[in-house]
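S.K.: A single structure is presented below for examination.
The values are calculated or read from the model by the stated rules, or taken from the named source; none is laboratory data. The structure displayed is predicted, hence computed values, not measured ones. Cβ atoms come from the backbone with ideal geometry, glycine included; neighbour counts cover every protein chain shown. The accessibility values were calculated without ligands, DNA or RNA, using every heavy atom of the protein model including side chains. Shrake-Rupley method; radii C 1.70, N 1.55, O 1.52, S 1.80 Å.
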Amino acid sequence: MDVVNRVVRHPQPGETIHGLSTTYHPGGKGANQAVAAALAGGDIALFGAVGEDGFGVELKRTLTENGVDASSVAVKPGTSGIAFITVDDTADNSIILSAGANGQLGAADVDRMLPGLLAAHSVLLQNEIPWPVTREVMEQAHGNGVRVIFNPAPAFLLPEDAYRWIDLLVLNESEAELLTGIAVADGAAAELAADRLLERGAAAVVLTLGERGSLYKAQGMAIGVATSSYRVRAVDTTAAGDTFIGALASATAKGMPIAEGLAFASAAAAIAVTRAGAQESIPTLEEIEAFMS
Ligand code: ATP
């Protein structure tokens, strides 16, 4: 749950100030991507955990309302994962991420989740649950022929031996730079960064490059597929990446060829940037199709 406090200025340590407003926004990368995939027409279940607090009830309700099967989201003692976001008058923000229930996922949860995961076409993972859980799911899913899509956000240096389980690695510019050391300032640099990631063993890579679009490259390709972004009036780019990834996962799982899937994902993300908010800005399949026609 994103708890957003608007303030005139950030408080100093030890200081109490009056806030301007507080709003609650269901979020989390896993939830946002699941909602994006479901609204784009996918048959989606989310595996994860919420806490015993009221946020947990609200988070599961919102998922269900958006067409995501939340029946495998466990309820753990303690709080749900919460992002405490403070935004000042100059739009500078500070964020405290409290993992809550997400941080409690462990080996027993993997055992519980595996039958459902292995029945899926694809599994889409982020980096907001403990790495040993992610790693185990990746290995099991890949080994059993389930397509593994990984968006390691927030970014961290992936262990080299994990790349071989990744069928599609999706990174934004800062994540790509952290993993490869290459600033993807132009097309040539993006190709180079993609090559580095493919050399480590990922089967394919998508680099999302904000309004510069995206680059897809798979093993054996001499040149990647560059997809332009749609020209729109950007209002709020929050969740552009989550919308793109969810829509791409959903479309390609339903058999859409990758080049079309990238254009579809790019349209979904373009709509999201024209709207304020995160999860609430994610478009439906009808909206994406209307936008593209
Ligand atoms: P965020 O963290 O804001 O959710 P991100 O950094 O993970 O986003 P980006 O690379 O910024 O991801 O954006 C993902 C995709 O969304 C891009 O590849 C592009 O297709 C689309 N997109 C992003 N910004 C814009 C924009 N200003 N106009 C049109 N499309 C955009």
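S.K.: Please list L157, L114 from largest to smallest accessible area, probe radius 1.4 Å, with all protein chains kept in place. Numbers along the way, then the final one.
M.R.: Working: L157 120, L114 25 Å².
I get L157, L114, largest accessible area first.
S.K.: A further question follows. Per 10 Å bin from zero, what fraction in whole % of the C-alpha pairs of the chain is there, up to the bin with the longest pair?
M.R.: Spelled out bin by bin, the chain gives 6, 28, 36, 23, 6, 1 percent.
S.K.: What does the charge count near A101 come to, summing +1 for each Lys or Arg and -1 for each Asp or Glu among other residues with Cβ under 12 Å from its Cβ? Provide the component values of the computation, followed by the final result.
M.R.: On the way: positive: K60, K76; negative: E52, D53, D109, E128.
Within the 12 Å Cβ shell, the charges total -2.
S.K.: Could you order H18, H142 by accessible surface area, starting with the largest, using a probe radius of 1.4 Å? Let's see the in-between values first.
M.R.: On the way: H18 170, H142 65 Å².
So, going from the largest accessible area down, we get H18, H142.
S.K.: Now a separate question. Given 37 °C and 0.692 mPa s, how large is the Stokes-Einstein diffusion coefficient of segment 152-191 in µm²/s, with Rh as the Kirkwood radius over Cα pairs?
M.R.: Values: Rh = 10.9 Å.
Estimated via Stokes-Einstein, D reaches 302 µm²/s.
S.K.: Shifting gears a bit: Could you run the Karplus curve 6.51 cos²θ - 1.76 cosθ + 1.60 with θ = phi - 60° over segment 283-290 and give me ³J(HN,Hα) per residue in whole Hz, x for Gly and Pro?
M.R.: For segment 283-290, the Karplus curve yields x, 8, 4, 4, 5, 5, 5, 5 Hz.
S.K.: Using a cut-off of 22 Å between alpha-carbon atoms, which lysines can reach K217, once sequence neighbours fewer than 8 places away in the same chain are excluded?
M.R.: Reachable lysines: K254.
S.K.: Can you check what the net charge comes to around T227, using other residues whose Cβ is under 13 Å from the Cβ of T227 (Lys, Arg +1; Asp, Glu -1)? The partial results should precede the final answer.
M.R.: Values: positive: R212, K217; negative: E211, E260.
Charge balance near T227 sits at 0.
S.K.: Which of these, Y24, Y216, Y163, has the largest mean-square fluctuation under a Gaussian network model of the chain (Cα springs below 10 Å)?
M.R.: The residue that fluctuates most here is Y24.
S.K.: Now, a different point. Given a 1.4 Å probe, how much area per residue of the chain is accessible, in Å²? Walk me through the numbers before you get to the answer.
M.R.: On the way: 13550 Å² over 293 residues.
Here the per-residue accessible area is 46 Å².
S.K.: Another question, then. If you keep only loop residues by DSSP, which chymotrypsin sites (Phe, Trp or Tyr not before Pro) in segment 40-93 have at most 13 other Cβ atoms within 10 Å of their Cβ?
M.R.: Working: sites: F47, F55, F84; in loops: F47.
Of the chymotrypsin sites (Phe, Trp or Tyr not before Pro), not one in the loops of segment 40-93 has a Cβ with at most 13 other Cβ atoms within 10 Å.
S.K.: Using alpha carbon coordinates only, what is the Rg to Rh ratio of segment 1-160, with Rh defined as the Kirkwood radius? Before the final figure, lay out the partial values.
M.R.: Values: Rg = 17.2 Å, Rh = 16.9 Å.
Result: Rg/Rh = 1.02.
S.K.: For the chain, modelled as a GNM with alpha-carbon contacts under 10 angstrom, which of T238, T62, T16 fluctuates the most?
M.R.: T16
S.K.: Any idea how far apart L20 and E260 come out in nm if each label point goes 7 Å out from Cα toward Cβ?
M.R.: With each label point 7 Å from Cα toward Cβ, the separation is 4.6 nm.
S.K.: Which ³J(HN,Hα) values, rounded to whole Hz and listed in residue order, are derived for segment 208-214 from phi using the Karplus coefficients 6.51, -1.76 and 1.60 in 6.51 cos²θ - 1.76 cosθ + 1.60 with θ = phi - 60°, glycine and proline given as x?
M.R.: 8, 10, x, 6, 7, x, 8
S.K.: I've got another one for you. Largest first, what is the accessible-area ranking of D167, D43 with a 1.4 Å probe? The partial results should precede the final answer.
M.R.: Details: D167 40, D43 155 Å².
Final ranking, largest accessible area leading: D43, D167.
S.K.: Using a 7 Å offset from the Cα along the Cα-to-Cβ direction at both D236 and V7, what is the distance between the two label points in nm, to one decimal?
M.R.: Spacing of the two 7 Å Cα→Cβ label points: 2.0 nm.
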